[in-house]
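The values are calculated or read from the model by the stated rules, or taken from the named source; none is laboratory data. As the structure is a prediction and not an experimental result, all values here were calculated from the model. Positions of Cβ are generated from backbone atoms using ideal geometry, with glycine treated the same way; all protein chains shown enter the neighbour counts.
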Amino acid sequence: MMVRILTILFVIAALVFVAGCVSQQTVERPQMEDRDSPDVSEVDRHYYLGAEYFRNNMYGEATRELNMVLELDPTYEKAYTTLGYIYIEQGRLPEAIEAYERAVDLAPDEADTHAGLAWSYMAGGEFAKAAEQYLMAIDLQPDLPGHYMNLGSAYEKQGLLPEAVEANRKAVELNPQSAKNVLTLGGLLYENDMNADAIAVYEHALTLQPNEFSIYRTLGELNRRLENFEQAAGYYEQAVAIKDDDSQLRYFLAATLDKQGNHAGAIVHMERALELSPDTPDFYWLLGDLYNKVKRYNDAMAVVERELEIRPNSAAAYCVWGKALEKQGRYEEAITKFQKAVSCSDPAWTTYATKEIERQGKLIEREKALEEQRELEGE
């Protein structure tokens, strides 16, 4: 039976370091041993103390000291930068934006101030403004991959996919040994169905992390999407070798082997998937479908009967059962199973089951005609 195997929408747990809104900015931290030097000014002493509090995540104390810095010297740019970071961490976005804008005014030629302002815009959902600031940061510091990564995220949030891809490609070009950069680009391509490009990127990722399970799994999925079933099966098998207790992975490998016509191999993995996840109803009828393909009709009926114990209204299970009965020449019984499938009102199976009912009727008529022919020949 050429029963259509419905795609199970599992979430691929790919190792994708997606940037989200933006990667964190860095804040310059002065040498703490200078704080008590007699040559250190009062304003610097407050800043050093505030920075030490900041380093230890004591944001309330840090804010107090940094505000004292600004009371003494309203042009102390690094105090605004550090306060901006703290405000973002505390969810005080208007204050963060104000602090970073002031830092940009005081140090317009510093890439970090523009990147900090961009970060605050990203946190507030102002992605176009963030992209503008990241571009300014890039103009001032063109060789820092992080600026391009964050720019890519700002573009992606605006739905500017080509620009996002190009920005992330530049980050990889600047640091091709960074698995984070490579996988962020791969994830962007994967999520937007740019499958051939994603395969090339994930294959590069394998050279950086050759034992990473999720990269093999993602390469399997990407090749399966492109119907490169032999390559897909190879990657899935390598993923299984690393993590053999993933039932969803076993399902995908089985479905891929089935596409190659390797039904026996597919059965091995579906049986294992069912052992690992006995409460997943779809695994039962899929295994039953494979049993039918290798003429193990009694096994097919037994396995879908188990499914019906946990999901009584499974049209798929009744269809697999009906096909097994047909293959045994039990057409009347097959009709009853296909009728049960129709009664489940599953749009994915109703048309198929209805056609099978008609087909079983024709098979019954054909069998009667053959029987009459045999009787005539016997006379």
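Please state which one of GLU356, GLU371 is of a type in the set (D, E, K, R) and surrounded by fewer than 17 Cβ atoms within 10 Å (Cβ to Cβ). It would help to see each step written out before you state the result.
On the way: GLU356 fails: surrounded by fewer than 17 Cβ atoms within 10 Å (Cβ to Cβ).
Being of a type in the set (D, E, K, R) and surrounded by fewer than 17 Cβ atoms within 10 Å (Cβ to Cβ) holds for just one of GLU356, GLU371, which is GLU371.
Kindly check whether there is at least one residue in the range 182-192 that is surrounded by fewer than 24 Cβ atoms within 10 Å (Cβ to Cβ), within 23 Å of ALA273 (Cβ to Cβ), out of contact with any strand residue (DSSP E or B) (no Cβ under 8 Å at 6 or more places or on another chain) and in contact (Cβ under 8 Å) with a residue 24 or more places away in the chain.
no
Please find, among VAL69, VAL43, the residue that is part of a helix (DSSP H, G or I), modelled with pLDDT under 95 and crowded, with 22+ Cβ neighbours inside 10 Å. Walk me through how you get there before you give the answer.
Details: VAL43 fails: crowded, with 22+ Cβ neighbours inside 10 Å.
Only one candidate passes the filter, namely VAL69.
Identify the residue in the range 230-251 that is among the aliphatic types (A, V, I, L, M) and touching a residue at least 12 places away in the same chain (Cβ under 8 Å) and, among all such residues, is farthest from GLY265 (Cα to Cα).
At the first step, the residues of the range 230-251 found to be among the aliphatic types (A, V, I, L, M) are 232-233, 239-242, 249.
Adding the requirement that they be touching a residue at least 12 places away in the same chain (Cβ under 8 Å) leaves 232-233, 239-240, 242, 249.
Numbers: ALA232: 14, ALA233: 11, ALA239: 16, VAL240: 14, ILE242: 18, LEU249: 14 Å.
The selected residue is ILE242.
Which one of GLU212, GLU227 is crowded, with 16+ Cβ neighbours inside 10 Å, of a type in the set (Asp, Glu) and under 30 Å from VAL268 (Cα atoms)? Explain how you work it out, then say what you get.
Details: GLU227 fails: crowded, with 16+ Cβ neighbours inside 10 Å.
Selected residue: GLU212, the only one of GLU212, GLU227 that is crowded, with 16+ Cβ neighbours inside 10 Å, of a type in the set (Asp, Glu) and under 30 Å from VAL268 (Cα atoms).
State which residue pairs qualify: first residue free of Cβ contacts under 8 Å to residues at least 40 places away in the same chain and inside the range 283-298, second residue of a type in the set (Phe, Trp, Tyr) in any location, beta carbons under 7 Å apart, and separation of 6 or more residues or different chains.
PHE283/TYR251
Pairs needed: first member in the range 360-379, in a helix (DSSP H, G or I); second member anywhere, surrounded by 10 or more Cβ atoms within 10 Å (Cβ to Cβ); C-beta distance under 6 Å; at least 6 residues apart or different chains.
GLN360/TYR331; GLN360/ALA334; GLN360/ILE335; LEU363/TYR331; ILE364/TYR331
Can you confirm whether the range 332-339 contains a residue that is touching a residue at least 24 places away in the same chain (Cβ under 8 Å) and under 35 Å from the mean Cα position of the chain (by Cα)?
Looking through the range 332-339, none of the residues is touching a residue at least 24 places away in the same chain (Cβ under 8 Å) and under 35 Å from the mean Cα position of the chain (by Cα).
State which residue pairs qualify: first residue among the small types (Gly, Ala, Ser) and inside the range 54-78, second residue surrounded by 14 or more Cβ atoms within 10 Å (Cβ to Cβ) in any location, beta carbons under 7 Å apart, and separation of 6 or more residues or different chains.
ALA62/GLY50; ALA62/TYR53; ALA62/PHE54; ALA62/ILE86
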